[in-house]
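Report on the following structure.
The values are calculated or read from the model by the stated rules, or taken from the named source; none is laboratory data. Owing to the predicted nature of the structure, the values given are computational and were not obtained by experimental measurement. Ideal geometry is used to build each Cβ from the backbone, glycine not excepted, and the neighbour counts take in all protein chains shown. Remember, those area values only see protein heavy atoms, side chains included, never the ligands or the DNA or RNA. Shrake-Rupley method; radii C 1.70, N 1.55, O 1.52, S 1.80 Å.
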Amino acid sequence: MRGTRIAIIGGGIGGLSAALALQHFGFRVRVFEQARELREVGAGVVISPNAMHALNFLGVGARIAREAGPAGMYFSRHFQSGDVLKTRPNDFVERFGAAYHQLHRVDLQAALASAVLQNDPGCVLLDHCFESLVQDSERIVATFSNGATVTSEVLIGCDGSTSKVRACVFGDEVVNYTGQVAFRALVPMADAPARLRENPFAMFVGARRYFLHYPLRHRTIMNVIGVGREPNWQQEGWRIPAAVEEFASIYGDLYPPALQLIHAIPPGTLFKWGLRDREPLSQYTKGRVTMLGDAAHPMTPFLGQGACIAIEDAMVLGRAFAAADSFPEAFALYEGTRKERANGVQLASRRQADEIQGATTRGPNPGTDPVDRGLYAYNPVTVPLTAADAGRAVS
Ligand SMILES: Cc1cc2nc3c(=O)[nH]c(=O)nc-3n(C[C@H](O)[C@H](O)[C@H](O)COP(=O)(O)OP(=O)(O)OC[C@H]3O[C@@H](n4cnc5c(N)ncnc54)[C@H](O)[C@@H]3O)c2cc1C
C-alpha cells in the first residue's frame, strides 16, 4: 500500500489536509492545483475542536494557535437592538480536549502548505487544472488543461463545491441557488466601533438575515460576514466585488454599531456571492476515485463547518489508508466512517439557516448551538473506522 500512487485534485484546505494526513502515515502523494500560486481569499474561518484534534495530531495545531491568538466569549445578539440572546464561554479545551480558533484563511493554508512541502518539496504541482479522467482495472489517467496527463492508482477529488472530478465520476447534477447572498470583508480592528471591539465575537440574528463579526490575527482584524435571503439569482464564487452601500442598505436596520462596522469596510474590499446547494452524494467512491471536502458535500456556511469537515475527512482518509491492505479497503473504511457524519452536517447546515433566519413571530432565534448538535464532540483521530459495505469497526 505504501507504494500506491495517489493523485489529489485541488490544493485547498481539504486537499492540503489530505496530503498531510497521508504523508503522516508514510504515503507519497501529488497535489494538482489549478491556480498558479497557492492562495486563499481574504476571509476568516472558524476551526472548531473537532478539526483541531486532526491539526494537532498532524503537527500544525501549535502554529495555528500562534497565528490566531486567544479566542474569547461568543455572543448571540438581537439583530436590531443588539441585546444579548445567548453567550458561549471559551471552555472548549476543558470540554472537548482541543481549542476553538478563528483564523485568517491565508494563515491556515500557509500552515498546511508549509508542513506538506517540508515533508516533500515536490508534492504540489501548480497550474494543473483538472479536465477529465479515465480509469480501468489497472490505473487511472487524469488529463489537465495544460496538456499534462498523470497516471496514478487512486485519485482523490478535493476540487471544491464546483468539482469537475465529481461531475466526471458522478455526472452533472442540479445545482440550486439557495436564495441566500453572502457578503464578506475584513476591517482593520482600529476602524471597528469601540462597542464591538470590547466583545469582538458576535452573531446578530434576525428574520431573513444574520450578521457575524469575529477577530483575526490577535485582534488586529475584524472579519465581517452577512448572509441574507435574496430571491433573485446571484452569481456563485468567492471574488465578486460588491459596493458597501448595497450591503449597508440591505442591513440598514442592523444594531447601529454593527452597521457602522459595515461602513468601515475599506473601499474595494467587499465581496459577495450567491450560495449554491448540492444534494449529498449517496456514495463518495467509484472505482479508483473518491471525493473529499466540499467536492463531496458542499455545505452552506450556517454552522461554519465546511473547512472543519474537510479536515475531518482528510484525517480519516489518512487513517483508512494506514489501516487497509488495499485501496478498495481504504476507500470503504473512509466512506463508511465519513458519509453519515459529513452528509449529516451538510443537511444540518440547511436546517440551521431556517432556524436563525426564519424567526418572525417568535422573535430572533440564535439557532441550535453547534455544541448541542454534537458537532464538536467528534474526534477524527480516534473515531472507530467502519467499512462502508461490511459495516465493521477495525480500530
Ligand atoms: C461565508 C462562508 C464562511 C465560511 N466559514 C467557515 C468557517 O467558519 N468554518 C469552516 O469550517 N468552514 C467555513 N466555510 C466553508 C469552507 O470555506 C469550505 O467548506 C472549505 O474551503 C472547503 O475546502 P475544500 O478544500 O473542500 O474546497 P476549496 O477550499 O474550495 O478548495 C478547492 C481547491 O481546488 C482547486 N480546484 C478547483 N477546481 C480545480 C480543477 N479543475 N483542477 C485543479 N484544482 C482545482 C481550487 O483552486 C481550490 O484550491 C465558509 C464558507 C463560506 C462561504
- Which condition number does residue 118 fail, the rest of (1) on the phi > 0 side of the Ramachandran plot; (2) open to solvent by 40 Å² or more (accessible area, probe 1.4 Å) being met? (1)
- Selection count, the range 260-287, where residues are assigned to a loop (DSSP other than H, G, I, E, B) and either aliphatic (A, V, I, L, M) or surrounded by 23 or more Cβ atoms within 10 Å (Cβ to Cβ) (or both): 5
- Query: So residue 295 fits all but one of (1) more than 11 Å from the ligand (Cβ to nearest atom); (2) closer than 18 Å to residue 15 by Cα; (3) open to solvent by less than 10 Å² (accessible area, probe 1.4 Å); what number is the exception?
  - Reply: (1)
- Message: Looking at the structure I just gave you, is residue 301 away from the ligand (no atom under 16 Å from the Cβ) and in contact (Cβ under 8 Å) with a residue 40 or more places away in the chain?
- Response: no
- Answer yes if at least one residue in the range 42-50 is within 26 Å of residue 151 (Cβ to Cβ) and either open to solvent by 20 Å² or more (accessible area, probe 1.4 Å) or assigned to a loop (DSSP other than H, G, I, E, B) (or both), and no otherwise. no
- Note on the structure: Going through the range 169-202 in order, the residues found to be part of a strand (DSSP E or B) and either open to solvent by less than 20 Å² (accessible area, probe 1.4 Å) or more than 15 Å from the ligand (Cβ to nearest atom) (or both) are 176, 179, 180, 181, 182, 183, 184, 185, 187, 188, 202
- Output yes when any residue across the range 150-168 is more than 10 Å from the ligand (Cβ to nearest atom), assigned to a loop (DSSP other than H, G, I, E, B) and loosely packed, with under 15 Cβ neighbours inside 10 Å, and no when none is. no
- Note on the structure: Of (1) part of a helix (DSSP H, G or I); (2) within 13 Å of the ligand (Cβ to nearest atom); (3) open to solvent by 10 Å² or more (accessible area, probe 1.4 Å), residue 350 satisfies every one except (2)
- residue 75 vs. criteria modelled with pLDDT of 95 or more, crowded, with 18+ Cβ neighbours inside 10 Å and of a type in the set (Phe, Trp, Tyr): no
- Go through the range 130-149 residue by residue and tally those that are part of a loop (DSSP other than H, G, I, E, B) and either more than 9 Å from the ligand (Cβ to nearest atom) or open to solvent by less than 10 Å² (accessible area, probe 1.4 Å) (or both). 7
